[in-house]
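Report on the following structure.
The values are calculated or read from the model by the stated rules, or taken from the named source; none is laboratory data. Because the structure is predicted, anything quoted here is derived from the model rather than measured. Cβ placement follows ideal geometry from the backbone for every residue including glycine, while neighbour counts extend to all protein chains displayed. For accessibility, only protein heavy atoms count, side chains too; no ligands or nucleic acids. Shrake-Rupley method; radii C 1.70, N 1.55, O 1.52, S 1.80 Å.
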Amino acid sequence: MIKTLLIANRGEIAVRIIRAAKELGIVSIIAYSEADEESKAVGLADEKVCIGQAMSKKSYLNIEGIIDAAKEVNADAIHPGYGFLAENPLFAASVESAGIIFVGPRSETIELMGNKINARKAAIDAGVPIIPGSTGNIEDIASGKKIAEELGFPIMIKAAAGGGGKGIRQVNSFSEFEENIDEAKREALAGFGNSGIFIEKSITNARHVEVQVLSDGEKFFHFFERDCSLQRKKQKIWEESPAIKIADKIKDEMFNSAISLAKKISYIGAGTVEFIYDSESQDFYFLEMNTRIQVEHPVTEMVTGFDLVRLGLEISSGKSLKLEQEEIKQRGHSIEIRINAEDPANNFFPSPGQIMEYQTPDGPGTRFDSMLFLGYEIPPYYDSLIGKLIVWDENRGKAISRLKRSLNELKICGIKTNIDMLRLLTEDNQINEGPVNTNWLENWLNNNLNNLN
């Protein structure tokens, strides 16, 4: 049983975990950097422990420092949230070696699925369809060109150890091949310490659809799907559930594939199996598995009524899930949009600073997950995500109407944000009619950013 929990993260996810821990009677201890001493998470936690200086590598990415802090406060478990060390197998293994519970899957599972080539092989073994591509690392230009010729352009070059949209290049012809493969390898090495790359066929009219899974090690469940196709530079902006205009038969095949993969790798905890859906052929393919709670988990909570963070803590406490798949229902429609401290009119440049005015939306089916408060000084050292606006209603049209109303109530002054851009997005006819593919938002931004000046 977990009695004391160290949260090795910050921002809105730290707040979210603290609240779930308190509801379970678990003592919450926040690990914070010097820059976050005045944060909402520090104020809400039962206890606090400073883990270092503002820069992430000296605090939130310092494995040894976090383990030492956990020992100092006698924590039974560590929750990594998402980002930072959440999908770092070395961190998970270090936590396990210290005799502390890691809230999430085993370190070997994180390592297996963190390497995209090995993850593809695991998907094949589980009978899950994968995007046609190379079976291993591309060792040289000649072998890469041969595979590209077999697949036909366009192709995607991807970092084997990648994630978060980094180390990815689309190549449309042989003339672009060598330059992009070199850039992808450099970016992969700089970002992940691994220059390994592989090649996949590019699905040109793709939607990004993911399935939420959860397992206590004995029983495996899916919590339906989320559509995450609205992306900028492979970073998600808008997520919703259910995914519209995909046949129930195909969704059922996705759910079965996600469960098959989770069983094949003996998955424990909350995770997400991500797929690319080809709108033209109506085929779907395995993309990757995120071995952690996702930023967009609230939309699943809104349509199913289950608290995924609390369930994850219960699983790590050794509890078996008293649940059957038939009990998990999908009701209504939910949308989440990410609120970032950035300036869309200035190439999305980060905008740290003090919150001078703050008003959050309220009312039925409205939720705002954030770490903000009036007077809070957003530090310049971390990700620009400052909140998530989540709405629910009985259908998609009503959910978008509720989203518009909620966005108009939301006021965050003193910094630049993407709120005006999101308001404009909700007025777009194609968004309201849906669905769109993963390239749609980039084109929309090119045509609409001038309206934000």
Inset, instruction - Kindly list, by first and then second residue, each pair from a residue in the range 415-440 that is more than 20 Å from K234 (Cβ to Cβ) and aliphatic (A, V, I, L, M) to a residue that is part of a helix (DSSP H, G or I) and open to solvent by less than 10 Å² (accessible area, probe 1.4 Å), limited to pairs with Cβ atoms under 7 Å and residues at least 6 apart or on different chains. - result: I419/L407
Inset, instruction - Just need a number here: residues in the range 415-431 that are polar (S, T, N, Q) and surrounded by 14 or more Cβ atoms within 10 Å (Cβ to Cβ). - result: 3
Inset, instruction - Check the range 393-407 and report whether any residue there is under 30 Å from S56 (Cα atoms) and either aromatic (F, W, Y) or open to solvent by less than 30 Å² (accessible area, probe 1.4 Å) (or both). - result: no
Inset, instruction - Just name the residue that is surrounded by the fewest Cβ atoms within 10 Å (Cβ to Cβ) out of those in the range 15-45 that are assigned to a loop (DSSP other than H, G, I, E, B), touching a residue at least 60 places away in the same chain (Cβ under 8 Å) and more than 23 Å from the chain's Cα centre (by Cα). - result: E38
Inset, instruction - Select from the range 371-391 the residues that are in contact with a helix residue (DSSP H, G or I) (Cβ under 8 Å, 6 or more places away or on another chain), surrounded by 14 or more Cβ atoms within 10 Å (Cβ to Cβ) and among the hydrophobic types (A, V, I, L, M, F, W, C) and list them in ascending order. - result: M371, L372, L385, I386, L389, I390, V391
Inset, instruction - Hey, could you check the range 128-152 for residues that are in contact with a Lys or Arg (Cβ under 9 Å, 6 or more places away or on another chain) and open to solvent by 60 Å² or more (accessible area, probe 1.4 Å) and say which is nearest to V171 (Cα to Cα)? - result: P132
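Please find, within the range 185-206, the residue that is modelled with the highest pLDDT out of those that are of a type in the set (A, V, I, L, M) and more than 16 Å from S143 (Cα to Cα).
Step one: filter the range 185-206 for residues of a type in the set (A, V, I, L, M), giving 188-190, 197, 199, 203, 206.
If we keep only those that are more than 16 Å from S143 (Cα to Cα) as well, we get 188-190, 203, 206.
Numbers: A188: 85, L189: 86, A190: 85, I203: 90, A206: 95.
For the range 185-206, the residue satisfying everything is A206.
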Inset, instruction - With the condition kept exactly as written, say whether any residue in the range 89-109 is modelled with pLDDT of 95 or more, open to solvent by 20 Å² or more (accessible area, probe 1.4 Å), touching a Gly at 6+ places or on another chain (Cβ under 7 Å) and under 23 Å from N194 (Cα atoms). - result: yes
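Taking the range 109-127 as the region of interest, how many residues are of a type in the set (A, V, I, L, M) and over 19 Å from I168 (Cα atoms)?
Initially, the range 109-127 is screened for residues of a type in the set (A, V, I, L, M), giving 110, 112-113, 117, 119, 122-124, 126.
Filter once more, keeping what is over 19 Å from I168 (Cα atoms): 110, 112, 122-124, 126.
Summing the residues that are of a type in the set (A, V, I, L, M) and over 19 Å from I168 (Cα atoms) in the range 109-127 gives 6.
Could you look through the range 369-407, keep only residues that are polar (S, T, N, Q) and either touching a strand residue (DSSP E or B) at 6+ places or on another chain (Cβ under 7 Å) or in contact (Cβ under 8 Å) with a residue 40 or more places away in the chain (or both), and pick out the one that is nearest to R331 (Cα to Cα)? Step through it out loud before you land on a result.
Step one: of the range 369-407, the residues polar (S, T, N, Q) are 370, 384, 395, 401, 406.
From what's left, either touching a strand residue (DSSP E or B) at 6+ places or on another chain (Cβ under 7 Å) or in contact (Cβ under 8 Å) with a residue 40 or more places away in the chain (or both): 370, 384, 395, 406.
Working: S370: 25, S384: 31, N395: 9, S406: 21 Å.
For the range 369-407, the residue satisfying everything is N395.
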Legend entry - Candidate set from the range 166-180 (those that are without any contact (Cβ under 8 Å) to a residue 60 or more places away in the chain and either loosely packed, with under 14 Cβ neighbours inside 10 Å or of a type in the set (A, V, I, L, M, F, W, C) (or both)); member that is nearest to E288 (Cα to Cα): V171
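Output the residues belonging to the range 303-336 that are polar (S, T, N, Q) and surrounded by fewer than 17 Cβ atoms within 10 Å (Cβ to Cβ). Show your work before the answer.
Taking the range 303-336 as the starting set, the residues that turn out to be polar (S, T, N, Q) are 304, 316-317, 320, 325, 330, 334.
Passing the criteria: S320, Q325, Q330.
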Legend entry - Residue within the range 332-340 that is at pLDDT below 95 and aliphatic (A, V, I, L, M) present: no
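Given the residues L5, L85, which is the only one that is surrounded by 22 or more Cβ atoms within 10 Å (Cβ to Cβ) and under 21 Å from P380 (Cα atoms)? Explain how you work it out, then say what you get.
On the way: L5 fails: under 21 Å from P380 (Cα atoms).
Answer to the check: L85.
Going through the range 291-302 one residue at a time, which ones are in a loop (DSSP other than H, G, I, E, B), open to solvent by less than 10 Å² (accessible area, probe 1.4 Å) and not charged (D, E, K, R)? So that I can check it myself, show each step before the final result.
Step one: list which residues in the range 291-302 are in a loop (DSSP other than H, G, I, E, B), which gives 291-296.
Narrowing the set further to residues that are open to solvent by less than 10 Å² (accessible area, probe 1.4 Å) leaves 291, 294, 296.
Within the range 291-302, T291, Q294 qualify.
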